[in-house]
Structure formats: C-alpha cells, structure tokens
Amino acid sequence: MPLTLDTDEVQPPAALITAPLPARGRKRAAGGLGGGKLLPGAKVSRVLDLPQEKLIKSISAIAVSKKRAAVGFQLFVGSVVENGRELSSHDLQAQTQRLLDQLKCDAVVSEINGGRGIVNFKINQELLAKTVVQQVSKDGSEYGFKSELLSSLPRGKMLVEFSSPNVAKRFHVGHLRSTIIGNFIANLMEALGNEVTRLNYLGDWGMQFGLLGAGFQQFGCEEKLKTNPLQHLFEVYVQVNRVAEKDESVQKAAQEFLRRLEGGDPQALSMWQHFRALSIEEYDRVYKRLGVYFDEYSGESFFQDKSQDILKLLESKGLLLKSVKGTGVVDLSEKGDSSSYATVVRSDGTSLYITRDLAAAVDRMEKYHCERMIYVTDKSQENHFQHLFQILRIMGYSWAECCRHVPFGLVQGMKTRRGDVLFLEDVLDEARTRMLENMASAKTTKALDDPHDTAEKVGLAALIIQDFRGPLLSDYRFDWDWALQSRGDTGVFLQYTHARLHSLEEMCSSETSCDFNPACLQDPQALSILQHLLRYDEVLCKSCEDLQPKHIVNYLLTLSHLASVAHQALPVKGSAAEVAQARLQLFKTVRSVLASGMALLGIKPVRKM
Ligand code: ARG
C-alpha cells in the first residue's frame, strides 16, 4: 500500500506535479509526517486524473515470495473503477501504457515497468529501509493502523458479544472458539479506533435451571459447590438428567421449579442467583488465564419480562400471527404467505431463545447506542441470527442493518488425555501440560523463572494459531501434536521467534541508539523483511473488513520465517559497529510488529522460552 514516505530531503519530481494533492485523500497520510508525500498514489493520480482515494485500494506492496525479491508497489490498473464502471480491456491497455509512458522515476521511485494492466514501482531501497524502520519505531503498536488505507473504515461505538456459555451445561469447544474469536475481533476493532463493549450473554435461564434446581435438592452438596462450582453443577445436571429420563416425577419437579423461578419465587430465585454468581466467578478466573475480559455479563435471564414487551410490540404492529399449533410466529416470507416464518412464542405464552434475543438487541441499542453489533457463535446458529435480524428489520429498527453474525465452523477431536473436554479450563491445562513436557525435552529451552507461565502462554498461542489459520467458517480437526510443533506454521514458532528476537536485543543492548545507516540494510534478507513490513496495513485492512484473523496469522508466520532466515544470514554480534547497529534496528522493528500482531490475536508474547 502507499506508505507515506517521510522524505524531507527528496526533491519532488517537478515534471509530475501539475496539481496540488487532493486534500481529502491526504488527511491521514500527512498526519505527523511533516508534509511527506504519498508514493506512488500521487503520481498515478495525476496521470490518470483520478482522486487519490480512488486509487488507494488498487495499489499494493508487492508480496514477498521465494521467487521474487521485488521491492516496491504494484498498481492494478484494471481495478481502478471509473464512474462505477470497470475499464474495458482496450482502455486498460491504453491506460497502462499511458502510465508507463508518463510516469517518471525520481528520488523515491527508482524504476517503473509493467504491462498487462499492472504497473510496478520499484522504490529506492535505502529510503524504504529508513522509512519503514522509523515509522515502526514511531508508531509502535499503532503501526499499520494509522495508514491512509484504513482511514475509510467505519469507526464508532461497537458491541461485540462472544463466549456466551450456558451455565451448568458443558462448556464446549464452540465456546472456546467463540471466546478467542470474539476477543480477537474486539482487540482489532479497538486498535482501529472503535469504542468497543465486550459482552458475555450467558445461557442462564430455561429448563436447565428447572432441572438443576430440582436436582440440587436431591444430589447437591454445598461443600462441593464452593470448591468447584462449575464441575459440581455440571455433575448435578448430568445426574438429574439421567434420572429424569426414567422418572416422570423428577421431570415434574423440574417443571415446577422452573415455574417457581419464572413466577419470581424468592427461594428459587436466590438459588438460581447463587449458581449464576458462582459460575461467573469461575468463568472470570479462567478468562483471566486467557487474557480475556468482559465489560458486561448479560444473559437470557435478563430478558424474561422484556420479551413479553417485544411480543406486545409485535402484536400492536400486526406482525404476530397465530399458527395452527397455537404458537406465535412472525412471517418472514417475501410474498407474505408464511412460507418462511420464525416462532417467537410457545403455545403456553412463554418466550423462546429468539424472543429473548430480540429483547436483548433492542435493550443493547438503547443502552449503548452502538453503531455496530457483532455476535460470535458457531455456524449452526446462522439461521437463528438471520431470523433475528430480519424480524428487527420488519419491526422497523433500521439499525438491524448494522448487526452482523460472525459464524465459525466446528472443531473435531478436541480431547484431553483424560477424555472429552468438559470445561474451558481442561483445554488450557492440557495445552500447558503438553507444552511443559515439550519444553523439558527440548535442548534449546532456556532456564525460566516461571516455566508454568511460559508454557501457558505458548500453549495458548498454539491453540489460537491452529484455530485462526484457516477461514473461520471451516471445520477442522484439532491436533495437539501438530499445534505444538516448534517448527512450521504454529503459535509455538511465533513465540519462539519473538523470544529469540528479544534475547538478541538483550544481548546487544549496548548498541542501542535509534540512529542507523539504511545503506547497511540492503542484503536481500533485510529487503524482504522491509518489503513485507510495508504490507502490514493491507493485511490489517483485510482483517478489519472481513473480521477473519487468517490474514494476520499468515502475515506473522511469513514475518517469522523471514526473520529466522535473516537471523542466520545477518549476524549482529561480530559485525562492524555500523552494520550491527542497523541490523539490530531491523530486528527490533520485526519484534515490534510481531508482538503487536500477536497481541491482536490474543497471544501474549513471551520473552524467553
Ligand atoms: N448460549 C448460547 C449457546 O451456547 C450462545 C448465545 C449466543 N448469543 C446470542 N445472543 N444468542 O448456544
């Protein structure tokens, strides 16, 4: 992408400057860069006579590959859309040629070539080194986010609902995925400049509490509830379910308990309250291990009464229809023939999952006035959310357009050595134990102050990277051995690279000064890294648009591979002072981008392993 080059000493190519830069397109790029000029958007903009902001997305940094070691940008002439229409192939050729004829090299662009709808701009390599390293050191974790490329992305108040486990039921792998994906989305959106509220919408109501209430009276134990609440509630739940299958009186007792609960019976309510509070306490503890937090714990229970209001509202708008089964439905068909509908109320008048979600959505909007609302769950709920948003639209809530469901695929084979995963904590413990074993047997492992803590962070990175590598919607088979490999495209490799770069900095800390000679960063391994760093904003932009972490993951893996090649080829220790200094700056730059990318993904980079 057109990184803004801070090129005070570079003379503007006079021949190309025919008009001042369009002010709108310049606002971010110019920020804090002392009037630096864009490259090469401004040039192209003048030749094609198009505003720069139209070109930004058509110019990208050339991707680093084994075959090509090109340094610079590429313009895809064909993707420049004029008046909403694509260029015809004849026009495309003509425009490409015109650009090639008219664009001139200068102190920034050292070579221009191309054809077939593509124009390549090779950049002055020393300027590249100087600008990228300086920019990263100046922007720190904001590097990339300040780019003009991201300036058109919407920003504002945003609500991200994720994790949302069901109290007393199993915390399944889907909840783990929702937790890490939601956390990533919240991190990313916050870094982009949104005001993000993180919300956990617990499954804390419904028949499971009827069963639990009835079951606890028979099988519950206060002592166990205190020491290990989730485990104990789950045991009671499983036990009472088993009994209820055969014993109708238990079913009756459960229904009775639920009725008391819904009727506001103080004793039933206080029991429910107690279960819920203990569960949240324990969830919180585990979320802490993950580095995840919530601004609010909401839950289905909050919307019992409010869903009755929603039903009344639907009725007053003439949208609530009675089905032959006696249930209440909303017609979602286009023709109005109820060929597609959503059930919103049972025949006995009680609300459903979707009714509570309708009430919750309206409530969130009133409370937070957010511009966007995101829900993260597995793909089995896609239909549910489509219906939810559709009903909101039919009800006249225009903000329904700003709601988005981020679905993800299923994970198979997530098992611990003891058996199936029951709770989130089991997964974290397993990752940590396995990682500790691997570290103990690896020769390279350093002496650590807190091996448990390191193993936890590395194990979590392994889980996250395995999960985030592909499209979120894909199902995948979980494989501990694969995820925990120290080489290859894993979270362990990212952590390892980060730790290595960190220890390099520590070893060479005597050489720290921000000044360096960019002429010392002209080896191909250094140039590949610099070129790759030039692309970071494009990758962030993609992830911000489609909310998929895979772009960032693949980017960071490539960065780590490039860094490990450079680490071998470009020693710091033992090189001439000027060279050592420049290389150290380069490696610092890599570590900075690696660390902030990892943090976005929800990984805590380790300094030693
Ligand atoms: N508790 C639900 C489940 O485990 C997920 C809740 C998703 N969020 C929502 N607003 N419906 O399936």
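Every read-out reported here was derived from the displayed coordinates using simple, explicitly stated rules and does not represent laboratory data. If you're wondering where the values come from, they're calculated on a predicted model, not measured in any experiment. Cβ placement follows ideal geometry from the backbone for every residue including glycine, while neighbour counts extend to all protein chains displayed.
Worth pointing out:
- Cut-off of 10 Å, at most 14 other beta carbons, DSSP loop: longest stretch of the chain lacking such GluC sites (Glu not before Pro): 335-609
- Applying the criteria of a DSSP loop state and at most 13 other Cβ atoms within 10 Å to the chymotrypsin sites (Phe, Trp or Tyr not before Pro) of the range 507-565 yields no site.
- The chain, helix-only ellipticity at 222 nm - DSSP H runs n ≥ 4, -39,500 (n - 2.57), divided by all residues, nearest 500: -16000 deg cm²/dmol
- Fraction of antiparallel bridges per DSSP, the chain only, in percent to nearest 5: 55 percent
- Between 0 and 90 degrees, the angle of helix 229-246 with respect to the longest Cα principal axis of the chain falls at about 50 degrees.
- Simple rule: put +1 on each Lys or Arg Cβ and -1 on each Asp or Glu Cβ in the range 323-458, find the dipole, and look at Gly326, Leu352, Val411; the Cα lying farthest toward the positive end is Val411.
- Summarised as an ellipsoid, the range 276-406 has semi-axes of 29, 17, 14 Å, derived from the eigenvalues of the Cα gyration tensor scaled by 5 and square-rooted, with the largest first.
- In terms of distances greater than 22 angstrom between alpha carbons, the cross-link table entries Lys288/Lys457; Lys146/Lys542; Lys130/Lys550; Lys288/Lys588; Lys169/Lys379 yield Lys130/Lys550; Lys288/Lys588.
- Evaluated with a Cβ-only charge set (Lys, Arg +1; Asp, Glu -1), the chain carries a dipole of roughly 1100 debye about its Cα centre, given to the nearest 20.
- The Cα center of the range 171-237 and the Cα center of the range 278-328 differ in position by 14 Å.
- Column: log10 I(q)/I(0), Debye, Cα scatterers of the range 100-158, q = 0.12, 0.13, 0.23 Å⁻¹: -0.49, -0.56, -0.97
- With a Förster radius of 25 Å applied to the beta-carbon distance between Met395 and Lys169, the computed FRET efficiency rounds to 0.25.
- Remark: the chain is approximated by an ellipsoid whose semi-axes, taken from the C-alpha gyration tensor as √(5λ), come to 52, 33, 18 Å, largest first.
- Tail weight of P(r) past 19 Å, computed on alpha-carbon pairs of the range 449-589, percent: 58 percent
- Per residue convex hull volume, Cα atoms of the range 470-531, in Å³: 141 Å³
- Net length available on complete extension from Leu473 to Asp453 is 4.1 nm, with 0.36 nm assigned per residue and the Cα-Cα distance removed.
- Segments 96-106, 263-273 sorted - mean Cβ within 10 Å per residue, highest first: 96-106, 263-273
- Between Asp305 and Tyr353, the contour length at 0.36 nm per residue exceeds the Cα-Cα span by 16.0 nm.
- Applying the Karplus relation 6.51 cos²θ - 1.76 cosθ + 1.60 with θ = phi - 60° to the range 177-194 yields 3J(HN,Hα) values of 4, 4, 5, 6, 5, x, 4, 4, 4, 5, 4, 5, 5, 5, 4, 6, x, 7 Hz, where x marks Gly and Pro.
- When the Cα gyration tensor is reduced to axis lengths a ≥ b ≥ c, the ratio a/c is 1.5 or higher for the range 67-166, and with a/b not above b/c it is classed as oblate.
- If R0 is 25 Å, the Cβ-Cβ spacing of Trp482 and Ser380 corresponds to a FRET efficiency of close to 0.50.
- Over the range 365-462, the Kirkwood radius and the radius of gyration, each from Cα atoms, give a ratio Rg/Rh of 1.23.
- Legend: Rg and Dmax of the range 83-235, from Cα coordinates, 28.4, 86 Å.
- Annotation: amide H-H contacts under 5 Å for Val406 (H modelled 1.01 Å from N, sequence separation of 5 or more, or interchain): Tyr375, Val376, Thr377.
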